[in-house]
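Data first, discussion second: the structure below is written as structure tokens.
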Amino acid sequence: MTTTMFIAMFTLLIVNIPLALCIAFACVIAFVFASELPTFVTVQRMFTGLDSFPLMAIPFFLLAGKIMEKGGVSTRLVKLGESIVGSLPGGLAIIALLASMFFASISGSAPATVVAIGSIMVPAMITAGYDKGFAIALMAVGGTIGIIIPPSIPFVVYGISANVSIGDLFIAGILPGLIIGLSLILYSYCYSKYKGYKGAEPTSFVNFIDKLKKSALGLAMPIIILGGIYSGVFTPTESGAIACVYGLVISLFVYKEIGFSDLKEIFISSGLTSSMVLLIIASANIMGWVLTTEQFPQQVSDWVTSFGADKVWLLVGINVLLLLIGTFLELNAAIILLVPILLPILLEQDVNLIHFGVVMITNLAIGLLTPPLGVNLFVAKSLGTASFTLIVQKVTPLLIVMLVDLFLFTFLPKISLLFVG
């Protein structure tokens, strides 16, 4: 049954059927031709896969990010970054990354971060004389920070799949997200200095305070979300609803950059995105159930442990596996499918599941930058006119920086677990 399902899925992928339908149809085909179970079980498992209160955090955070994107928060974050580092060599590149880090603490979505910040920064960088390929590649990479710094939608999916605390995952993602952002900033500074990209005129402390005041309400959202979750005032799902209400209040009545007439477009856009993500999760849940029923995770676990590999080589092998899978499988689907398989192996080797969550999401974030799937690359490409080949060429050194960060997170668990109680 498992073999039939995988053959069907990859065949459907080759003929360019959407991923969620590939997974669902592959499971139905496996039920029809390789099982005596009735096909309506697939519908039951899809419903069961979505019948989870924590999953409500996904549409809430997507909606909150869309409200903040349209409500003027991203523009204020860019101006705040300009007041801090605008005068440095490569100031615009650094601003793009800083703004991505700020927006990551609001949206929880990588493509949303690319669009919200990139639509402002890519034209500005090109106008200032930056190489088109570098400007677009930088925003593609900057968007990956959106799923590591909390709140993070993939952390929600992983937390549900591995049955670990989503609040602890959010806390664990703070320091790794900051390290990735700062390492990318260091590379951008060195690259810009080599290329001769100048900064803007020096700013003043008064200007910084002014921009900080104007962006303070947006910056307060992650403090409210994480503070509320970790203090036990509300759950991660409830924090998503609070983020939506908070975003609506400041966008409608404080910044006043959207009106009630704009809400229809915002709700429809976030609803479509949420439905795509949830359909993938529902479909992947069928496949996860089939794999578990067929004892596939246990077979893989027995096969791996038969080699007698220790924890270090196990983590190296899993990293390679995740990097390969991230090139062709959608991030949330990869989490749903792989966590049940990897969980017995991780528990056997006494790997901390919170630490591994950070490692897994970082791996799959890198997958957002690697063809043929490379979601962030295609989203960023829509922001400029550079060729896809040039963008891939310019993103390669940035990928190397992220791989070094991944190595640190993998073998220094304290980076992820420093603030986890």
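The values are calculated or read from the model by the stated rules, or taken from the named source; none is laboratory data. Computed from a predicted structure; not experimentally measured. Backbone-built Cβ (ideal geometry, glycine too); neighbour counts: all protein chains shown. When the accessible area is computed, the model is the full protein with side chains, heavy atoms only, and any ligands, DNA or RNA have been set aside. Shrake-Rupley method; radii C 1.70, N 1.55, O 1.52, S 1.80 Å.
Below is a table of values for the structure above.
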quantity	calculated
Ile341 vs. criteria more than 15 Å from the chain's Cα centre (by Cα), of a type in the set (Val, Ile, Thr), assigned to a helix (DSSP H, G or I) and farther than 24 Å from Ile179 by Cβ	yes
Single residue of the stretch 17-32 satisfying the filter (farther than 22 Å from Ala110 by Cβ and β-branched (Val, Ile, Thr)) that is surrounded by the fewest Cβ atoms within 10 Å (Cβ to Cβ)	Val32
Filter result (hydrophobic (A, V, I, L, M, F, W, C) and outside any helix (DSSP H, G or I)) within the stretch 206-233	Val233
Matching helices (runs of 4 or more DSSP H) fully within the stretch 1-100 where at least 3 residues are under 23 Å from the mean Cα position of the chain (by Cα) and not hydrophobic (A, V, I, L, M, F, W, C)	57-70, 73-85
Single residue of Ser35, Ser52, Ser87 found to be of a type in the set (Ser, Thr, Tyr), at pLDDT 80 or above and either under 30 Å from Val245 (Cα atoms) or surrounded by fewer than 24 Cβ atoms within 10 Å (Cβ to Cβ) (or both)	Ser87
Filtered residue count, the stretch 234-261, keeping only those that are assigned to a helix (DSSP H, G or I) and open to solvent by 60 Å² or more (accessible area, probe 1.4 Å)	8
Condition check for Ile160: farther than 21 Å from Ala93 by Cα, open to solvent by 10 Å² or more (accessible area, probe 1.4 Å), in contact with a Ser or Thr (Cβ under 8 Å, 6 or more places away or on another chain) and not hydroxyl-bearing (Ser, Thr, Tyr)	yes
So Gly146, is it within 18 Å of Leu62 (Cα to Cα), at pLDDT below 90 and assigned to a helix (DSSP H, G or I)	yes
Residue within the stretch 309-325 that is at pLDDT below 80 and among the aliphatic types (A, V, I, L, M) present	yes
Residue count for the stretch 346-373, restricted to those that are in contact (Cβ under 8 Å) with a residue 12 or more places away in the chain, part of a helix (DSSP H, G or I) and surrounded by fewer than 19 Cβ atoms within 10 Å (Cβ to Cβ)	1
Leading residue by the ranking (modelled with the lowest pLDDT) among those in the stretch 374-396 that are open to solvent by less than 10 Å² (accessible area, probe 1.4 Å) and not in a helix (DSSP H, G or I)	Gly374
